[in-house]
Amino acid sequence: MAAPLALLLIVAVTIRAALFRTSLANLISERVEVVSPLNAWKRVVEGLALLDLDISPYSGDVFHETPMVIYLFHFLMDYAEITFMGAGVKFSSLHLVSQFRKQKFALEADRIPMDCLELIRSPTEMYYIPLKVAMFYLLNPFTIVSCVAKCTCGLNNAVIALFILSTMRGSALLSAIFLALATYQSIYPLTLCVPALLYLLQRLYIPVNVRRSSFWFYTLQYLFMFLGSLLVLICLSFFLLGSWDFLPAVYGFILSVPDLTPNIGLFWYFFAEMFDHFRLFFLCVFQINVFFYTLPLSIKLKEHPVFLIFMQIALIAIFKSYPTVGDLSLYMAFLPVWNHLYRFLRNIFLVSCVLLACSALFPVLWHLWIYAGSANSNFYYAITLLFSVAQILLVSDYFYAFLRREHHLTNGLYLKKKDGSEATLVLK
Amino acid sequence: MAIRRLKHTRTHAHACMLQTPLDDFQEELVIRPLHSGDIYASFQFRTVWDADFMGDQKVSHYRLFPKSLGQVITKFSVRELHISFTQGYWRTMQWGQPYLPSPPGAELWVWFQDTVTDVDGTWKELTNVLSGIFCASLNFIDSTNTVQPSASFKPLGIGNVTDHSFLRYATLPREIVCTENLTPWKKLLPCGSKAGLSVLLKSEKLFHSTFHSQAVHVRPVCQDPQCRTTSMELRQTLNVVFDLHTSGQGKREWSLFKMFSRTLTEACPLASSSKVYVDVTDNPQFELSPATPLLTQAVVLGDRRTYSVYDLTQQASFGSSRSLNMLLRWKAADGEMLRPLLHSERYVAGYGLQAGEIHTLIYNHHPYRAFPVLLLSAVPWYLRLYIHTLTVSSKGKDNRPSYIHYQPSKDRERPHLLEMLLQLPPNSVTEVTVEFERALLKWTEYTPDPNHGFYVGSSVISALVPSVVAMDTNSTLDRPLFSSFFPCKEEASYFMRVYTEPLLVNLPTPDFSMPYNVICLTCTVVAVGYGSLYNLLTRTFQVDEPSPGLAKRIANVIRRFRGVPLL
């Protein structure tokens, strides 16, 4: 296990180091699919240059990173490339996520009907999952370009990975701290609070029942740790520059979307063509859209908090205000964990073809609009829409497959109709 | 008895003299032939208003000073006002230096008195009022194109203000100058356009020129040598360059009639002095008629020039025909023009609509002297400058500015302001480069012709340029040694302002016909997401039992009545 992982790490680091040395690095760090106004490396350098000129980086509208990033890169400026590669490597420590699967196997073994044994994964299959997860993340072209562009979403991904790792291990304090750090960087990981709480409750065998005091006790403990760490981080940021300027510059920017630079998300063109009168209304609708799937999903998936984490991360990556391909690669890295659902997926061929085609068309249509002048913004916008639809289809397909497997695990795999013939399952 | 009467008349005359108002009006025209064959005419009308603003007097008496401007100055507590409207770009390398430089479009900068509490609000009202007075769209001046320079625009009148929060500067590079701007400008003159030099200001000829600039400068000046009282000075200037080739005629010959289609008949009766100067430093090349015995020498812009003077207050200038029409006829080709010492260019580099670079080139043509210049650039917010990419290089080597004042822009609120103090090495080109990124604006923020592009106002370069001609370190004149060790000629350096070209940059545009379609399509994608998740959340898996046919269902209903088992 260690040898293939080490080989994988060496290959990944070699690819990144090789790309850093070529002129492609400059080209990639300018691409709008890879960097956004929130996490571009050029803007980090600009913020630090403004700090050198004794001007607050938040006095202009160029720098939208949190003050922690200023702290970090003030010292690591020369080692930036190594920092980003290290963040990617740390992600692969997620192989420990496989631990939970072994637990699940033990829990479920006595509940299922006999003919579903083929649905349960054998330990030999699960042995290779961590390696596959690491491979899916490190060798994913999206991750590679994101790292070469020195986009700070690589750091965000590493923090979320550490959060998931500490949740799996059962350490509530670390989980709360990393979640606070992830929420501090961009607001959206706030929704991951609920699945983390559900997982920790499940681990401690506390039933999720609003009438039980143990539930409330644990919930309040966890929330207190989370909010406390968040408060500490915000106060530390205040003391860095001595002002609260960073709050509107970071969080106000994420929520109010003033910058309409094109990216792979849905917000930019929508708000470029929005009537001023309705701007605030649609802004609220789009931002609520990211958060409001939490409650229904957590009610439906309360026994499966790990899948809930995957769903939440995917929904954030699709519907956030400034998505980049780095956010995509985060949830795509988790797909090998659910490769036992492959037999129930319905649209996987279509989705993968559409994603490949869109990834190829993004740079082409950008070039035609911005450089050749022979296309206009509608072409790029259309590919953005298609890319989002493909991702939504992917996520809902995995959700369908997961629910269907659960149904089979409780009701048996080969179902029969009343007259004894083979049945078809539908959603009613 | 006789002595008593004499004393009485003397005191009476003295009393009359005290009551005489001290408003003063002077007009002059300078004609300077340029080396490229064109001719440059510069009008200056100077009205001095005997009103003291440093004190607390309320002013209500207007004699020569225009009432509209006077009311504006008193109401908005303006200390200095400089406004110019220019059509065309001054070609420094072909024409030399102008007497009063101005950038293309409209430029307005104002110093307010320190009694003003809300400078931004007063600035907004002032621009709207001036827009009405000059029939120009100065109401487009708002916080997105107004800056507060920290070093470049020091007051030109008296007063040692150092608080730059009372200074505002704005340019409108897209502003066009036409007859509608000239007419209210002429109305501010005491003689209007009826007498004096202003009869020459006819728009059909004035706008048929390569360069046309009209300006109004108001500033406080001293009334007496001790400067115990101050008065307001209004200078109205009009600079125009007539092109040799577009004015017809092959040979090089200029006259007042050819330039303005009018001749001078009388001086303005309200003027205390009315003169026409013709630059005859290159006299062997051309002949000037009618000849005049009056000659003056002056050091202008670092160069010693000789002028023939026509005094219009003297009846003799007009001759027997009662009209004055100067004629300049060239006989020989011109020699070398004195190369301007400070010169600059600016352009946008790069390709595509995503990013670009602004390059500013500043030339120092002085053979052995280096001097510092202040560069002011105000870039609109939709071109996002990256200050870490700022490079300044002279002669291929890095040249760090000794003073940088940078104010980053805020989207839709204020522009970028970059001011730098650069040291220019002698005989060199200094290149200032900065990268920018183009923003995508909301569809309502584009002008009706978005593919024309967006203008970036001219950069301003202010410098004290050491002059070549007046500096004379190797003098052989008969002077005592103790006075000639340090170079201390009065005309050793002169203040100059150079404006670069305005830039025109294209921004990426969204499709303006698509707002409804975009809203529908994006909401459809969000609805697809919502719909699929809603289905999966609210529905459960069930075995699909096909519903029985119609016959069977009716049979089942009957069977239920009969109490018999169903099909």
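The values are calculated or read from the model by the stated rules, or taken from the named source; none is laboratory data. Here the structure is a predicted model, which is why all the values come from computation and not from measurement. When we count neighbours, we look across all protein chains shown, and the Cβ atoms used for this are built from the backbone with ideal geometry, even at glycine.
Looking at region B:310-329, which of the residues that are buried (at least 16 other Cβ atoms within 10 Å of the Cβ) and within 34 Å of the chain's Cα centre (by Cα) is farthest from B:VAL199 (Cα to Cα)?
Ranking the qualifying residues of region B:310-329, first place goes to B:LEU328.
Can you name the residue in region B:63-115 that is aromatic (Phe, Trp, Tyr), under 24 Å from B:VAL300 (Cβ atoms) and surrounded by fewer than 22 Cβ atoms within 10 Å (Cβ to Cβ) and is also nearest to the chain's Cα centre (by Cα) among such residues?
Ranking the qualifying residues of region B:63-115, first place goes to B:TRP109.
Select from region A:27-61 the residues that are at the interface with chain B (Cβ under 9 Å from one of its Cβ atoms) and β-branched (Val, Ile, Thr) and list them in ascending order.
A:VAL32, A:VAL45, A:ILE55
Give me a count of the residues in region B:269-283 that are part of a loop (DSSP other than H, G, I, E, B) and either surrounded by fewer than 21 Cβ atoms within 10 Å (Cβ to Cβ) or at pLDDT 90 or above (or both).
So the answer is 6.
Within region B:514-539, how many residues are closer than 27 Å to A:TYR414 by Cα, at the interface with chain A (Cβ under 7 Å from one of its Cβ atoms) and not small (Gly, Ala, Ser)?
Counting residues in region B:514-539 that are closer than 27 Å to A:TYR414 by Cα, at the interface with chain A (Cβ under 7 Å from one of its Cβ atoms) and not small (Gly, Ala, Ser) gives 5.
To keep it simple, each residue is scored yes or no on (1) touching a Phe, Trp or Tyr at 6+ places or on another chain (Cβ under 9 Å); (2) more than 23 Å from B:PHE65 (Cα to Cα); (3) buried (at least 19 other Cβ atoms within 10 Å of the Cβ).
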{"residue": "B:CYS191", "(1), (2), (3)": "yes, no, yes"}
{"residue": "B:GLY196", "(1), (2), (3)": "yes, no, yes"}
{"residue": "B:PHE242", "(1), (2), (3)": "yes, yes, yes"}
{"residue": "B:LEU256", "(1), (2), (3)": "no, yes, yes"}
{"residue": "B:THR263", "(1), (2), (3)": "yes, yes, no"}
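In region B:395-433, what count of residues is obtained for those that are buried (at least 16 other Cβ atoms within 10 Å of the Cβ), without any contact (Cβ under 8 Å) to a residue 40 or more places away in the chain and away from chain A (no Cβ under 14 Å)?
Counting residues in region B:395-433 that are buried (at least 16 other Cβ atoms within 10 Å of the Cβ), without any contact (Cβ under 8 Å) to a residue 40 or more places away in the chain and away from chain A (no Cβ under 14 Å) gives 1.
Kindly establish whether B:ARG322 is in a strand (DSSP E or B) and among the charged types (D, E, K, R).
In short, no.
Can you confirm whether region A:197-219 contains a residue that is free of Cβ contacts under 8 Å to residues at least 12 places away in the same chain, in a helix (DSSP H, G or I) and hydrophobic (A, V, I, L, M, F, W, C)?
yes
Listed residues A:PHE379, A:PHE362; which is touching a helix residue (DSSP H, G or I) at 6+ places or on another chain (Cβ under 7 Å), under 29 Å from B:GLY356 (Cα atoms), aromatic (Phe, Trp, Tyr) and away from chain B (no Cβ under 11 Å)?
Going through A:PHE379, A:PHE362 in turn, the sole match is A:PHE362.
For region A:338-375, enumerate the residues that are touching a Leu at 6+ places or on another chain (Cβ under 7 Å) and among the β-branched types (Val, Ile, Thr).
The answer is A:VAL351, A:VAL354, A:ILE370.
Kindly check whether there is at least one residue in region A:42-54 that is small (Gly, Ala, Ser) and within 30 Å of A:TYR128 (Cβ to Cβ).
no
Is there a residue in region B:256-266 that is closer than 26 Å to B:ILE73 by Cα and out of contact with any Cys (no Cβ under 6 Å at 6 or more places or on another chain)?
Within region B:256-266, not a single residue is closer than 26 Å to B:ILE73 by Cα and out of contact with any Cys (no Cβ under 6 Å at 6 or more places or on another chain).
So, in region B:151-188, of the ones that are under 18 Å from the mean Cα position of the chain (by Cα) and in a helix (DSSP H, G or I), which residue ends up farthest from B:SER209 (Cα to Cα)?
In this case the residue turns out to be B:TRP185.
Please return the ranges of helices (runs of 4 or more DSSP H) entirely within region A:1-93 where 1 or more residues are more than 24 Å from the chain's Cα centre (by Cα) and aromatic (Phe, Trp, Tyr).
A:2-21, A:67-76
Would you be able to tell me the number of residues in region B:486-512 that are at pLDDT 65 or above and either farther than 21 Å from B:PHE454 by Cβ or touching a strand residue (DSSP E or B) at 6+ places or on another chain (Cβ under 8 Å) (or both)?
The total comes to 17.
Given the criterion under 42 Å from the mean Cα position of the chain (by Cα), part of a loop (DSSP other than H, G, I, E, B) and of a type outside the set (D, E, K, R), identify the matching residue among B:PHE495, B:PHE512.
B:PHE512
Here are A:PHE387, A:PHE379: which of them is modelled with pLDDT of 95 or more and surrounded by fewer than 22 Cβ atoms within 10 Å (Cβ to Cβ)?
On inspection, the qualifying residue turns out to be A:PHE379.
For region A:284-321, which positions are small (Gly, Ala, Ser) and either surrounded by 22 or more Cβ atoms within 10 Å (Cβ to Cβ) or out of contact with any Pro (no Cβ under 9 Å at 6 or more places or on another chain) (or both)?
Scanning region A:284-321 gives A:ALA314, A:ALA317, A:SER321.
List every residue pair whose Cβ atoms lie under 7 Å apart, where the two residues are 6 or more positions apart in sequence or sit on different chains, the first residue falls within region A:283-300 and is more than 9 Å from every other protein chain (Cβ to nearest Cβ) and in a helix (DSSP H, G or I), and the second residue, located anywhere, is aromatic (Phe, Trp, Tyr) and surrounded by 14 or more Cβ atoms within 10 Å (Cβ to Cβ).
Filtered contacts from region A:283-300: A:VAL290/A:TYR188; A:VAL290/A:PHE319.
Report whether or not B:ARG305 is more than 30 Å from A:ASN376 (Cβ to Cβ), charged (D, E, K, R) and crowded, with 16+ Cβ neighbours inside 10 Å.
yes
Is it the case, given these coordinates, that A:CYS353 is surrounded by fewer than 20 Cβ atoms within 10 Å (Cβ to Cβ) and assigned to a helix (DSSP H, G or I)?
yes
With the requirement that a residue be surrounded by fewer than 11 Cβ atoms within 10 Å (Cβ to Cβ) and hydrophobic (A, V, I, L, M, F, W, C), what does region A:8-28 give you?
Correct list: A:ILE10 only.
What strands (runs of 3 or more DSSP E) lie completely within region B:395-463 and have 1 or more residues being of a type in the set (Ser, Thr, Tyr)?
B:403-407, B:428-438, B:454-456
Exactly one condition in (1) in contact with a Cys (Cβ under 9 Å, 6 or more places away or on another chain); (2) away from chain B (no Cβ under 13 Å); (3) not β-branched (Val, Ile, Thr) is not met by A:PHE270; state its number.
The single condition A:PHE270 does not satisfy is (2).
May I ask you to list the residues in region B:360-394 that are in a loop (DSSP other than H, G, I, E, B) and free of Cβ contacts under 8 Å to residues at least 60 places away in the same chain?
B:TYR368, B:ALA370
Yes or no: A:LEU425 more than 11 Å from chain B (Cβ to nearest Cβ) and over 30 Å from B:GLY350 (Cβ atoms)?
no
Among the residues of region A:365-376, how many are within 12 Å of another protein chain (Cβ to nearest Cβ) and in contact (Cβ under 8 Å) with a residue 12 or more places away in the chain?
Of the residues in that region, 1 qualify.
Just a yes or no: is a residue in region A:305-314 under 26 Å from B:ASN535 (Cα atoms), of a type outside the set (Val, Ile, Thr), touching a residue at least 40 places away in the same chain (Cβ under 8 Å) and at the interface with chain B (Cβ under 10 Å from one of its Cβ atoms)?
Scanning region A:305-314, I find at least one residue that is under 26 Å from B:ASN535 (Cα atoms), of a type outside the set (Val, Ile, Thr), touching a residue at least 40 places away in the same chain (Cβ under 8 Å) and at the interface with chain B (Cβ under 10 Å from one of its Cβ atoms), so the answer is yes.
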